[in-house]
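The values are calculated or read from the model by the stated rules, or taken from the named source; none is laboratory data. Because the structure is a prediction, the values reported are computed rather than measured. Here Cβ is always computed from backbone atoms with ideal geometry, including for glycine, and neighbour counts include all displayed protein chains. Accessible surface areas use protein heavy atoms only, side chains included; no ligands, DNA or RNA. Shrake-Rupley method; radii C 1.70, N 1.55, O 1.52, S 1.80 Å.
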Amino acid sequence: MLYELKEKGWTDKQIEAVHAFFDAPENDQECRDNLRMARASNVEECNHYDNLVYYGCCGFCDKELEVEGEIIRVGYNYGH
């Protein structure tokens, strides 16, 4: 999934920030699914992101990162 970001115009620093978020020990939740990321300036990516928020397990984690002046929305669902 993350390799596709480069094809969609994401910068290397933005991709690295997303990797770092998902690889962080505090984000190693049980049964993590629906990994999602979107550049806040991209309506299509945000619409897809918002749709994913509502699917998956009961727990969720969503954050905003600022990378190179761009807000990056990242998140996932987790639980049983």
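Using only the Cα atoms of the chain, what do you get for the radius of gyration and for Dmax, in Å?
Rg then Dmax for the chain, in Å: 12.1, 36.
Relative contact order of the chain, please, whole-number percent, based on alpha carbon pairs below 8 angstrom and at least 6 residues apart. Show your work: numbers first, answer last.
Numbers: 116 pairs, mean separation 26.8, N = 80.
Averaging sequence separation for qualifying contacts and normalising by length gives 33 percent for the chain.
Straight-line reach from residue 13: which aspartates and glutamates have a Cα under 19 Å away, not including same-chain ones fewer than 8 places off?
Within reach: 4, 23, 45, 64, 66, 68, 70.
So, in nm, how far is label residue 41 from label residue 55 when the simple model puts each one 7 Å beyond its Cα toward the Cβ?
2.8 nm
For the chain, report the accessible area per residue in Å² (1.4 Å probe, heavy atoms, rounded to an integer).
Values: 5150 Å² over 80 residues.
I get 64 Å² per residue for this part.
Using only DSSP helix segments of four residues or longer, with each worth -39500 (n - 2.57), what per-residue ellipticity at 222 nm results for the chain after dividing by its residue count and rounding to 500? Spell out each step's value before the answer.
Working: 3 runs with 28 residues, N = 80.
Result for the chain: -10000 deg cm²/dmol, rounded to the nearest 500.
Kindly state, to the nearest 0.05, the FRET efficiency for residue 48 paired with residue 26, given R0 = 22 Å and r defined as their beta-carbon distance. Provide the component values of the computation, followed by the final result.
Numbers: r = 25 Å, r/R0 = 1.13.
It comes to 0.35.
Which peptide among 10-21, 58-69, 43-54 comes first, and what is the full order, when sorted by highest mean count of other Cβ atoms within 10 Å? Let's see the in-between values first.
Numbers: 10-21: 15.9, 58-69: 12.0, 43-54: 13.6.
Highest mean packing first, the order is 10-21, 43-54, 58-69.
By how many degrees, between 0 and 90 and to the nearest 10, does the Cα long axis of helix 12-23 differ from the longest principal axis of the chain?
Value to nearest ten degrees: 10.
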